[in-house]
Amino acid sequence: MKKEKTMQSLAMAGLWLTAWFWLSGAAGAEGLSPIASEPKELLQVKVHQLIVDPTSLQPVVLLADSLEERALPIWIGPCEANAINAEMQGLKHRRPLTHDLAERIILQMNGKLQRIIITHRQENTYYATIVLERERSLVEIDARPSDSIVMALKFKAPVFVSKTLFREMALPLREQKEIEERYGLTIQDLSPSLAQSFSYGSTRGVLVSDVRKGSRAEKDGLRRGDIFVEIGGQTVTEVMSFKEALSRIETPAQARVFRNANFLSITLHLK
């Protein structure tokens with residue numbers, strides 16, 4: 001935990017040092033940067049809600065579209081969750097924390113945070129860019145989405161997401177029931193002991209703990225004890241990735257399931 005906090009502090013230190021270096025005139029370029037000048041590729045979102053993933057107990061920030069119909073979930077650390085919550089609630093600290101320090105440096109150098117952009121996702125990690133502006137000169141700084149969101153809230157700056165990323169990863173906000181419940185499944189993450197009891201050599205996957213009688217899931221041939229490892233070509237590692245994969249199915253899709261020491265292909269019909 002101490003090492004993790006140290007790495008977080010170093011990451012933010014790198015951010016404000018870069019900002020100071022550029023704002024003081026040692027770096028920067030005139031005009032708009034390429035990514036900042038292509039709004040058609042970006043979707044403006046808002047910080048909709050902070051929740052806790054009930055499975056992993058990890059904080060999740062939801063970035064919703066303007067109609068609050070869909071939201072991009074991003075898993076973050078507890079320190080960043082506290083910082084985001086403080087900004088959303090308007091809470092002030094007695095002494096400046098790291099994000100407060102970054103804000104003060106930018107302001108003292110007559111700069112401003114123009115926008116942040118959640119750019120892409122790679123190996124289950126989201127990436128973001130902070131765009132700073134001073135006298136029509138822009139600089140883009142690679143940053144974690146969690147830190148970027150805190151800074152955007154501080155500066156009341158717009159938050160953007162790549163339209164492609166949002167289309168692929170956003171989840172519906174207004175469903176009355178969880179999609180797996182409508183389909184007829186009760187699911188849970190795999191613990192090491194559960195994986196061992198089913199002779200499955202990994203904890204990456206989702207266990208079917210029950211199949212409702214007469215449901216579409218039962219008709220598709222799913223059984224209690226099945227382990228989902230892939231849906232529609234997307235790897236399933238835990239409950240949230242299972243929900244993401246299931247929510248994107250528009251037509252019958254193939255799922256890869258582990259059952260009785262073998263891998264099976266089952267066609268899912270959700271519509």
Out of THR125, THR129, sole residue that is under 13 Å from the mean Cα position of the chain (by Cα) and over 16 Å from LYS46 (Cβ atoms): THR125
Selected residue (criterion: modelled with the highest pLDDT) from residues of the stretch 238-268 that are in a loop (DSSP other than H, G, I, E, B) and more than 18 Å from ARG224 (Cα to Cα): PRO252
ALA71 vs. criteria assigned by TED's automatic domain parsing to the domain that holds ALA152, surrounded by 14 or more Cβ atoms within 10 Å (Cβ to Cβ) and closer than 19 Å to THR164 by Cα: yes
Hey, ILE106 touching a residue at least 12 places away in the same chain (Cβ under 8 Å) and touching a helix residue (DSSP H, G or I) at 6+ places or on another chain (Cβ under 6 Å) or not: yes
Conditions (1) in contact with a helix residue (DSSP H, G or I) (Cβ under 7 Å, 6 or more places away or on another chain); (2) closer than 21 Å to LYS243 by Cβ: number failed by GLU68: (1)
Matching entry among GLU140, GLU103 (being farther than 30 Å from VAL257 by Cα, in a strand (DSSP E or B) and in the same structural domain as GLU87 (by TED's automatic domain parsing)): GLU140
Filter result for ARG248 (surrounded by 15 or more Cβ atoms within 10 Å (Cβ to Cβ) and among the basic types (Lys, Arg)): yes
Residue match in the stretch 124-143 (condition: surrounded by fewer than 21 Cβ atoms within 10 Å (Cβ to Cβ), polar (S, T, N, Q) and on the phi > 0 side of the Ramachandran plot): yes
Residues located in the stretch 199-214, provided they are within 13 Å of ILE187 (Cβ to Cβ) and assigned to a loop (DSSP other than H, G, I, E, B): GLY205, ARG212
Selection within the stretch 257-269 - buried (at least 18 other Cβ atoms within 10 Å of the Cβ) and either under 16 Å from the mean Cα position of the chain (by Cα) or farther than 26 Å from ARG70 by Cα (or both): VAL257, PHE258, ILE266
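The values are calculated or read from the model by the stated rules, or taken from the named source; none is laboratory data. Keep in mind that what you see is a predicted model, and the values were worked out from it rather than measured. Neighbour counts run over all protein chains shown; Cβ positions are idealised from the backbone, glycine included.
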